[in-house]
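> Quick one: the structure is below, and I'll ask about it shortly.
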Amino acid sequence: MRQLDALKSPRFTQISTYGRLPICEELVNVKAVFLGIPFDDATTYRPGARFGPSAIRQGSRLLRPYNQFVDIHPFDTLNMCDAGDVNAIPGYIEDSMRIIEEEVSKINAIPFIAGGDHSITLPVLRAMYKTYGKVNLVHLDSHYDFWDSYWGKKYTHGTWLRRALEEGLLKEVVQMGIRGSLYSKDDIEDSKRLKIKSFTIRDLKYKLEEVKKQLPSGKTYVSIDIDVVDPAFAPGTGTPEVGGLTSFDILEIVRSFKFDIIGFDVVEVSPPYDVSEITSMLAANILYEGMSVLAKSTTP
Ligand SMILES: [Mn+2]
């Protein structure tokens, strides 16, 4: 109950000097936590996502307790707290992945994760597999992220999904928001071969309601690369692609989720490329909407 009391304390109703949530002291009756994974050594272009967690905490400080569109008090309902950051090791991808998997496995609550580059999702999915067996994945991104390797290397922020499929961690996979230039037409063929339901940005813009019907039901992990949002709304990221979702679009898509959320990440926020906290505030709000949908599903 300690986290709930902290949420009601005067210190918390004012703005915390850390993030929006009180720091976890003990995980009693805590249904969900915020967790930072400050790792960006698997990025292929602009770095900086290791500073995502601290910027997203800063971006969360303006969030108020009641979500009027979902009609829920997410922090209160889930008795949430901030579980701090995973101790990833700069420069050591495989070691960091092992540590991320271990740390996420230890948390007996649904994690809402701030990345970090997209490679962190692979060890998180390994941890999900340990707890739940195979899970569904809803992946919002401007990129496919199922390439086999980059520079001959298997673990990068563009290959995590291929590895997760090879390791048998996933059931249904639905991708949304794909756009931009590709390496070749093979990328499109690969999504069919890998049995992934891939929807482009045009699918989202022109037939969103049909796409929503393709979303899975049951236990589902959500992974959102902030670059699914247009760089005009989310400039602080490593591999921006023009012609994306608006900030309003992404919030509405998350609010429409009906499946059971077992984990949720927002990755690739790179604060050194951000302007006026626009990207980190958006990331904090996307996580808030995810928490709200989960909270709503736990109330009668
Ligand atoms: Mn991406």
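> Residue check: is T121 of a type in the set (V, I, T), assigned to a helix (DSSP H, G or I) and under 15 Å from the mean Cα position of the chain (by Cα)?
yes
> For region 219-266, what are the residues that are in contact (Cβ under 8 Å) with a residue 60 or more places away in the chain, away from the ligand (no atom under 16 Å from the Cβ) and either under 18 Å from V124 (Cα atoms) or touching a Cys at 6+ places or on another chain (Cβ under 8 Å) (or both)?
K219, T220, Y221, I261, I262, G263, F264, listed by residue number.
> Here's a follow-up. Output the number of the condition that G152 fails; it satisfies all remaining conditions of (1) touching a residue at least 24 places away in the same chain (Cβ under 8 Å); (2) surrounded by fewer than 23 Cβ atoms within 10 Å (Cβ to Cβ).
(1)
> Quick test for you: out of I120, I72, I56, I100, pick the one residue that is open to solvent by less than 30 Å² (accessible area, probe 1.4 Å), within 16 Å of the ligand (Cβ to nearest atom) and among the hydrophobic types (A, V, I, L, M, F, W, C).
I120
> Separate question: Which one of these does I15 not meet: (1) outside any helix (DSSP H, G or I); (2) modelled with pLDDT of 90 or more; (3) open to solvent by 80 Å² or more (accessible area, probe 1.4 Å)?
Condition (2) is where I15 drops out.
> Conditions: (1) assigned to a helix (DSSP H, G or I); (2) farther than 26 Å from P90 by Cα. E172 meets all but one. Number of the miss?
(1)
> I'd like to check which helices (runs of 4 or more DSSP H) are fully inside region 191-300 and have at least 1 residues that are among the β-branched types (V, I, T) and closer than 24 Å to I100 by Cβ.
Answer list for region 191-300: 247-255, 278-297.
> Select from region 55-85 the residues that are closer than 16 Å to D265 by Cα and free of Cβ contacts under 8 Å to residues at least 40 places away in the same chain and list them in ascending order.
None; the set is empty.
The values are calculated or read from the model by the stated rules, or taken from the named source; none is laboratory data. Since the structure is predicted, the reported quantities are computational estimates derived from the model, not experimental observations. Counting neighbours? That spans all protein chains shown, and the Cβs are built from the backbone with ideal geometry, glycine included. For accessibility, only protein heavy atoms count, side chains too; no ligands or nucleic acids. Shrake-Rupley method; radii C 1.70, N 1.55, O 1.52, S 1.80 Å.
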